[in-house]
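Enquirer: My questions will all concern the structure given below.
The values are calculated or read from the model by the stated rules, or taken from the named source; none is laboratory data. Every value quoted in this text rests on a predicted model; they were computed, and no experiment measured them. Please note: Cβ atoms are built from the backbone with ideal geometry, for glycine as well, and neighbour counts cover all protein chains shown. All accessible areas refer to the heavy atoms of the entire protein, side chains included, with ligands and DNA or RNA removed. Shrake-Rupley method; radii C 1.70, N 1.55, O 1.52, S 1.80 Å.
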Amino acid sequence: MHATRNNRGTKTFAATLLAVAIGLASTGYAQAQSVQFSSEADSDSGTATQTLLGLLQSPQNWGPDDQSQTTTSGSNDQTAPSIDEDISGVDVFESEDADNSTDAGATGDQADASSSSGSGSALGGLISWSNLSIQLSCLPDGSISDQIDCTTYESVTNLLINGQPAAKAGSFAAGTSIPVSGNIPDTNCPLGTDSFTGNVVLDNSILNSGGEQGSDNEIGMQITGTATCDTLGLVPLYTTAYNEQIGAPRISYEYTAQKYIVEKQVNYYYY
C-alpha cells in the first residue's frame, strides 16, 4: 500500500483565506512539472444491504447521479432539475437543481471538480438541507517537486436531522461526525417506518497518494447506519445497512514518479 502524507489545514470562517490559498498555489503552478489530472463529480451514490430474517440479501446500489467527468483535458458540466432515488420502499435521496462540473488543464497540470444542489434530503427526509456546495481544486506545488496541493471548500445551509438543526452555526473540522437517529418512511415495512441509527460525516476525505497514481476523493456528506423494520409484534422483520455519499468531487493524478497530496483547506459551514 502506498504511503500517505496528509497535512490537512485548519478550517476557518474567512473566505478571503481561500483566495489567498489558491493564489499562492497558482504562483508556483507555472514552474511545476506537468502532471496528468482527471476529475469527476456526482450528486449522490450509495449501497443498501438488507438482511431479512437472518438471511443476507444482495446489496442494492444506486448512482452515481448526475455525474460529470473530465479525462486529461477539457471540461464538462451536468445539471439535473430534480433527482429522486427510491430503493426498496425508501426514498433514499431527493434534490433540486443539481449541478456537477469538472475540468482539467489543457496541458494536464491542474484540475477542478465541484458538486452543488438546492434543497435536498436523504433517508426519507430524516436528513435535509437547503443548499449544499463542495468544490475541490488540485495542482502541483511550485516549490516542492513531489507534492500536489489540493484545496476544498464546502458549505451547507440549514442542515436538519430529524427536523432539528444539526448543530450551532459555525465552522467545522474535516471528518466531523454527527449522530443521526429517527424514523424513515418505508412502504415495505408493516408499520410504515424503519428506525434508523447512524452518523453523517461532513467533508469525509479519502486520499490515495505517495505513488505514480493517486487521488483525492472528497465527500460532502457520508451517511452510514442501520435501519430496522419491526412487525406489528415489534419483532424485527429486516434490517438495512446504508452507506450513502452525497456531493462527491474527485481528482486523480498520474505522474512518472511518486507524488503526495497535501490538503490546504478553507471550509466554512452555516446551519
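Enquirer: With +1 on the Cβ of every Lys and Arg and -1 on the Cβ of every Asp and Glu, and nothing else charged, how large is the dipole of region 149-271 about its Cα centre, in debye rounded to the nearest 20?
Expert: Dipole size: approximately 240 debye.
Enquirer: Listed highest first by mean packing, meaning other Cβ atoms within 10 Å per residue, what order do 217-223, 79-85, 206-212 come in?
Expert: Ranked by mean Cβ neighbours within 10 Å, highest first: 217-223, 206-212, 79-85.
Enquirer: Amide H to amide H, which residues 5 or more places from ASN131 or on other chains are under 5 Å from it, using H placed in the peptide plane?
Expert: THR157
Enquirer: Next up: Of ILE219, PRO236, PRO249, which is farthest on the positive side of the dipole of region 182-251, counting Cα position, with +1 on Lys and Arg Cβ, -1 on Asp and Glu Cβ, and the Cα centre as origin?
Expert: PRO236
Enquirer: Only residues of region 216-236 count here: report those whose backbone N is under 19 Å from the spot 7 Å along Cα→Cβ of THR47, or say none.
Expert: 217-228
Enquirer: Amide H to amide H under 5 Å from PHE172: which residues, 5+ apart in sequence or cross-chain, H placed 1.01 Å off N in plane?
Expert: TYR269
Enquirer: I would also like to ask the following. How much length, in nm to one decimal, is gained on full extension between ASN162 and GLN57, taken as 0.36 nm per residue of separation minus their Cα-Cα distance?
Expert: 35.0 nm
Enquirer: Computing the accessible area with a 1.4 Å probe over protein heavy atoms, can you report the carbon and sulfur percentage for region 85-150?
Expert: Carbon and sulfur: 38 percent of the exposed surface of region 85-150.
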